Structure formats: structure tokens, C-alpha cells
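See structure below.
The values are calculated or read from the model by the stated rules, or taken from the named source; none is laboratory data. Since we're looking at a predicted model, the values are computed, not measured. So basically every Cβ, Gly included, is an ideal-geometry build from the backbone, and we count neighbours across all protein chains shown. What goes into the accessible areas is simple: the full protein's heavy atoms, side chains included, and nothing from ligands, DNA or RNA. Shrake-Rupley method; radii C 1.70, N 1.55, O 1.52, S 1.80 Å.
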Amino acid sequence: MWKANIITAYPEMFPGVLGHSIIGKALNENIWSLDTISLHDFGYNDRNSIDDSPFGGGPGMVIRPDVVERAVMSVIDNKESKIPLVYMTPSGKALKQEDLVNFSQKKGILLLCGRFEGIDTRVIENLGFEQISIGDYVLTGGEVAAQVLVEGCVRLLPEVLGHSKSVLEESFSDNLLEYPQYTRPKVWVDKNGKENHVPDILISGHHEKIKKWRKNKSVEVTKKFRPDLLKGSKKVKI
Ligand code: ADE
């Protein structure tokens, strides 16, 4: 069973969003499992402190390497199969869909959530952590980022989403954003009395034409919002 091991100063933040909807249902059905490890259980004094002031000065506190090492070893000691060790930090490599695919194919993952000014870099290097960011913005800690990563992995597990075709067709699997979707009513009269129509082609029942229209729309949306994706795309053919 795929297992997420989360090391955090705030274990009460979990399962958070991971306890709801499809991901939460899969958790209850033991399709995946979650173990939350509190850094304070591995603190360095009788108050179980985990941090200290940064060498060189500056604001805030830094999580100590000895505390992190003890917490990590409590998870990976005695395990035959290696799992990826990932430190969630805004200074890391940008998380991509292909990373989620890779992680979801392993036995599980260990995620280390930073807080304060960060974690002493020696333990990150020493234990061989990958450093991953979920975007170019700074959160107050890695917990939300860890939930993003875990949610992205769990939905890729074969038993989680019934129709795997929807996973294959979705955004990013071919470097294109998704085409727009429509549902009933066919004509939606909005609050200003304006009629908003569903594109005729989608009601035509002509599957080949619909496929082509959707592909065109995907390219159009990608050009508009994420032209950078098209540069790396090998599969854009209409
Ligand atoms: N911790 C704080 N900000 C983060 C980000 N953008 N990605 C991952 N972890 C973080």
C-alpha cells in the first residue's frame, strides 16, 4: 500500500484536505496510508524544542539537524525498500506532473515540512533530500505544499480514480492545458438576460469533430495562459 510519511511540527494539520472527497475515501478504504510524525517527539531538551537561532544572525529560528535526523531515522530505519525523501521548500525544484507520476509508482514517500526560517541545510544534504517547491510564492510552512503533493500522487494510484482515461486525458499529460467543459442548460440565460450558448459542435454527436475541436481549444488555451508549455511540447498535432 502506498504510504505518505509526513514529518512536521504541526501534525494536527493532517490529514487536512487529504481526509476528504475521493482521496479521503481512498484513505478510509486503505488504498493508501498516512503516518504523521511530530518533530517535537524528537526535540533536543526537556521542553522538546526543535529549533534554534541561525548562525550568522538574522531573524527567525532554524530547525536543528539532530532533531530532523532522529525523526527521519524513525521512519526509514529497518526499511528494505527505499522511498524518496523530499523536503518541501520554496527554494526547491518546481513540482511537475511527471514527478507525481514517479512518486506515485514508488512504495511511498517521506515528506519533510519546513517552518520558521527553514531547516539546517546539513541534514538536508547529509540524508540526500530532494528539495521541491509547489510554486513561486512563499507559504508559512511546508504542510499545505505536502498536502498538494500527496493529493497529486494519490489520485494517480490505479484504484483511486475509476476511469484511468480521465487521468491520461487531463492537463499536463501532453503538455497542454485542458479544453473547456460545458453542461446543461444548453442555453444559459445569465443575470443580465444574456443568452450563453454551448458550442454547436458539442451537441452534434460527431465524435471525430468534437475530438478535433477539443484539441484546438486545448492549444488555444495553452497559448493564452501557458505558452511556455508549448515550447516543450512534442505531441501537439491537430
Ligand atoms: N514552504 C513554503 N513555501 C513553499 C512552497 N512554495 N513550496 C513548497 N514548500 C513551501
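Every condition in (1) in a loop (DSSP other than H, G, I, E, B); (2) touching a residue at least 60 places away in the same chain (Cβ under 8 Å); (3) among the basic types (Lys, Arg) holds for Lys3 except the one numbered (1).
Within the range 5-35, the set of residues being surrounded by fewer than 18 Cβ atoms within 10 Å (Cβ to Cβ), among the polar types (S, T, N, Q) and on the phi < 0 side of the Ramachandran plot comprises Asn28, Ser33. Restricting attention to the range 90-146, the residues being closer than 19 Å to Leu34 by Cβ and open to solvent by 70 Å² or more (accessible area, probe 1.4 Å) number 4. In the range 72-88, the residue that is most open to solvent (accessible area, probe 1.4 Å) out of those that are of a type outside the set (Phe, Trp, Tyr) and within 15 Å of Arg122 (Cα to Cα) is Leu85.
Any residue at all in the range 80-98 that is within 16 Å of the ligand (Cβ to nearest atom), under 13 Å from Leu149 (Cα atoms), assigned to a loop (DSSP other than H, G, I, E, B) and among the aliphatic types (A, V, I, L, M)? Within the range 80-98 (the criterion being within 16 Å of the ligand (Cβ to nearest atom), under 13 Å from Leu149 (Cα atoms), assigned to a loop (DSSP other than H, G, I, E, B) and among the aliphatic types (A, V, I, L, M)), the answer is yes, since at least one residue qualifies.
Residue by residue, here is whether (1) surrounded by 10 or more Cβ atoms within 10 Å (Cβ to Cβ); (2) modelled with pLDDT of 90 or more; (3) farther than 30 Å from Lys96 by Cα holds:
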position	(1), (2), (3)
Val167	yes, no, no
Leu176	yes, yes, no
Gln181	no, yes, no
Val187	no, yes, yes
Asp190	no, yes, yes
Gly193	no, yes, yes
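The criterion of being within 16 Å of the chain's Cα centre (by Cα) and farther than 30 Å from Asn175 by Cα does not hold for Gly142.
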